[in-house]
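Novice: One structure is given below, represented as structure tokens, and several questions about it will come after.
Derivation of every value follows stated rules applied to the coordinates shown; laboratory data play no part. Keep in mind that this is a model prediction, so the values were computed, not measured. Reconstructed Cβ throughout: ideal geometry from the backbone, glycine too, with neighbour counts over all protein chains shown.
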Amino acid sequence: MEESTYKMSDYIEQIKQAVVDAKHKDIEELVKRAIDEKTDLDMIVNNALISAMDIVGMKFSDNEIFVPEMLASAVTMKKALGIIKPLLTRKDAKSRGTIMIGTVKGDLHDIGKNLVIMMLEGAGFRIIDLGVDLSAERAVAAVAEFKPDILGLSALLTTTLPAMEEVIKILKTKGLRDSVKVMVGGAPVDLKFAQKIGADGYGKDAAEAVQLAKTLLTQN
Ligand code: B1M
């Protein structure tokens, strides 16, 4: 018992460090081993991977690392998520509804969005991924074409926050605002901002995004 507890925290620490150090060649093997040893998936995601990106962000703010290193850590994290994704998503369940989701214009950060997608898929939602650098025009055209139940918008840069409001404005202009719920998220987003721009809800993290999506769909 003690040995397995030790092993689990050891794996968490090793995975976290491997992402911080951008050990992209080793990460998949390490994550597979941790999973084989029954390390908790939530702990791998939250305590190892997301914690690692927080450290990377701090190092970047302190000028200890620069964009290439930050990118290499992001690549490493994506490889780790690639191993975890099939274990979180279910293919059997009947769809709870369709969610279209993208990172707004000017913003290339997609790890958080992809994690939110993984959790939503795991909860039984059908996802249409609109990728990154999503212009308001493209988002609104996609809503008109695919008629999702929810449009999810992600932003990681304070400079790209106004792009979320732009999407909502154009939805209104085109008469589509009442046809779709809009949920927003990302590190610089908070509830106050979501309310200010007229979004239907805000998710702090992937777990909250799933809860919010379920709630929004019961309001239909
Ligand atoms: Co960038 N970057 N980055 N970056 N980057 C941040 C965001 C930053 C905080 C780093 C820092 O300074 N400490 C900073 C932003 C400062 C600010 O605006 N206040 C920053 C900067 C400045 C930049 C550049 C401008 C750097 C430069 O070029 N000088 C540049 C911008 C490029 C662009 O987008 N146009 C840039 C580039 C990059 C890379 C490309 C190198 C890489 C991204 C790779 C990729 O995503 N494919 C990168 C990375 C990796 C980061 C950090 C280190 C990590 C982001 C991440 O993946 N976090 C980040 C620092 C940090 O966040 N600590 C930083 C892990 C992820 C799981 O969390 O995305 O927050 P997060 O998602 C969470 C929640 O926010 C929420 O759920 C997720 C899961 O819990 N969530 C939602 C997210 N979307 C949601 C949607 C929802 C609901 C919840 O509903 C729809």
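Novice: Show the residues, 5+ positions off or on another chain, whose built amide H is closer than 5 Å to the amide H of ILE128.
Specialist: ILE99, MET100, ILE101
Novice: Moving on. Provide the FRET efficiency to the nearest 0.05 for the THR173-LEU217 pair, computing r from the beta carbons and using R0 = 22 Å.
Specialist: 0.30
Novice: Scattering from the C-alpha atoms of the range 72-184 alone, worked out with Debye: what is log10 I(q)/I(0) at q = 0.11, 0.17 1/Å?
Specialist: Per q value, in the given order, log10 I(q)/I(0) is -0.36, -0.82.
Novice: I've got another one for you. With Kirkwood's inverse mean 1/r over C-alpha pairs for Rh, give me the Rg to Rh ratio of the range 2-91, two decimals please.
Specialist: 1.00
Novice: Within the chain, which complete DSSP H helices have Cα atoms spanning at least 24 Å along the helix axis and a mean Kyte-Doolittle hydropathy of -0.5 or higher?
Specialist: Qualifying helices, which must be both long enough and hydrophobic enough, are 67-88.
Novice: Could I ask something else about it? Could you give the C-alpha radius of gyration of the chain expressed as a fraction of 2.2 N^0.38 Å, taking N as the number of residues it contains?
Specialist: 1.07
Novice: Additional query: Long-range amide H contacts for VAL184: which residues qualify at under 5 Å (H placed 1.01 Å from N, peptide plane, sequence gap of 5 or more or a different chain)?
Specialist: LEU153, GLY201, TYR202, GLY203
Novice: For the chain, modelled as a GNM with alpha-carbon contacts under 10 angstrom, which of PRO188, PRO68, PRO162 fluctuates the most?
Specialist: PRO68
Novice: So what's the net charge close to ARG177: Lys and Arg +1, Asp and Glu -1, counting the other residues with Cβ under 11 Å from its Cβ?
Specialist: Once all neighbours under 11 Å are counted, the net charge is +2.
Novice: Taking the simple approach of a point 7 Å from Cα along Cα-to-Cβ for both ASP42 and LEU191, what is their distance in nm?
Specialist: It is 2.1 nm.
Novice: Under 17 Å Cα-Cα from LYS105, which aspartates and glutamates qualify once same-chain neighbours fewer than 8 residues away are excluded?
Specialist: In chain and number order, the partners are ASP129, ASP133, GLU137, GLU165, GLU166.
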